[in-house]
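*Asks:* Below you will find the structure I want to go over with you.
The values are calculated or read from the model by the stated rules, or taken from the named source; none is laboratory data. If you're wondering where the values come from, they're calculated on a predicted model, not measured in any experiment. Note that we place each Cβ from the backbone using ideal geometry, even for glycine, and neighbour counts take in every protein chain shown. The area values use the complete protein model at the heavy-atom level, side chains included, leaving out ligands, DNA and RNA. Shrake-Rupley method; radii C 1.70, N 1.55, O 1.52, S 1.80 Å.
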Amino acid sequence: IERAEDTKSFVLVPDTEKGTKELAYFGAGKYLTIFEAIDGMPITRAYSISSSPKDSLNGKYVLTIKLVDGGLMSQYIFDNWTQGTSVKVSAPSGNFEYQPLRDANTVICLAGGSGITPFVSMANAIADGDEDFNLILLYGSRNYENILFREELEEIEKKCNKVKVVHVLSDDKNSYPNTESGFITAELIKKYAPENAEYSIFICGPQQMYNFLDKELEK
């Protein structure tokens, strides 16, 4: 599925010819590890699952992958994965998920670029009734046209009052609904955070985003 010029979603289903009959259920926010041999060299990469946990019960995982300049695995996947390709992946793994004993009932999710993928899974899980917390998503993109999953997130918002999405556009100065201009800052987080209530913060995005937010979160 084409998401943007450099981003695609790949739908993985059980390889019945090799005896896989069903897929493991998972908690929203987990990832799959991909195993490939590229030029005779074994390579592994982890990619967050962007689909709802409920989809696994219907035999589907979705990985949304951005083509990285110089990225060995992403380039291989874009060049070689087509319908019918057999791929080897791990079971769902990782701890990037909502934990009610640790996290507040409201989670502010800060995403940049393809770092949106685990949060799309979480938003769907909330809408499906598999997770129970309030999700406020501040999603940084360069411009409105290149927002990944924009329409899907809009549909989730319409049917679920526990999910709120705000797009933060760094390069686009035009006025769009539910958007802010610039970058995700301490002031912007405060603007959308609940007043007089605890909240947790989850972050997923490129390294430069972490470097910037580390300083902002101290404020």
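*Asks:* With the structure loaded, tell me whether residue 33 is open to solvent by less than 40 Å² (accessible area, probe 1.4 Å) and over 15 Å from residue 125 (Cβ atoms) or whether it fails that test.
*Replies:* yes
*Asks:* What is the residue count in segment 86-114 for residues that are among the hydroxyl-bearing types (Ser, Thr, Tyr), in contact (Cβ under 8 Å) with a residue 60 or more places away in the chain and part of a loop (DSSP other than H, G, I, E, B)? Reasoning before the result, please.
*Replies:* Initial filter on segment 86-114 (among the hydroxyl-bearing types (Ser, Thr, Tyr)): 86, 90, 93, 98, 106, 114.
Retained after the next criterion (residues that are in contact (Cβ under 8 Å) with a residue 60 or more places away in the chain): 86, 93, 98, 106, 114.
Right, trim to part of a loop (DSSP other than H, G, I, E, B) and you get 86, 98.
So the answer is 2.
*Asks:* Return only the number of the condition from (1) open to solvent by less than 20 Å² (accessible area, probe 1.4 Å); (2) part of a loop (DSSP other than H, G, I, E, B) that residue 83 does not satisfy.
*Replies:* (1)
*Asks:* Scan (1) of a type in the set (Val, Ile, Thr); (2) closer than 28 Å to residue 93 by Cα; (3) part of a strand (DSSP E or B) for the single condition residue 117 breaks and write down its number.
*Replies:* (3)
*Asks:* Looking only at residues that are assigned to a helix (DSSP H, G or I) and in contact (Cβ under 8 Å) with a residue 40 or more places away in the chain in segment 203-219, which one is least open to solvent (accessible area, probe 1.4 Å)?
*Replies:* The selected residue is 213.
*Asks:* Follow-up. Within the group 117, 82, which residue is modelled with pLDDT of 95 or more, closer than 25 Å to residue 34 by Cα, out of contact with any Phe, Trp or Tyr (no Cβ under 9 Å at 6 or more places or on another chain) and not hydrophobic (A, V, I, L, M, F, W, C)?
*Replies:* When all the criteria are applied, what remains is 82.
*Asks:* Return the residues of segment 53-74 that are touching a strand residue (DSSP E or B) at 6+ places or on another chain (Cβ under 9 Å) and either over 15 Å from residue 118 (Cβ atoms) or open to solvent by less than 20 Å² (accessible area, probe 1.4 Å) (or both); say none if nothing qualifies. Lay out the reasoning, then the answer.
*Replies:* Residues of segment 53-74 touching a strand residue (DSSP E or B) at 6+ places or on another chain (Cβ under 9 Å): 55-56, 60-67, 71-74.
Across segment 53-74, the qualifying residues are 56, 60, 61, 62, 63, 64, 65, 67, 71, 72, 73, 74.
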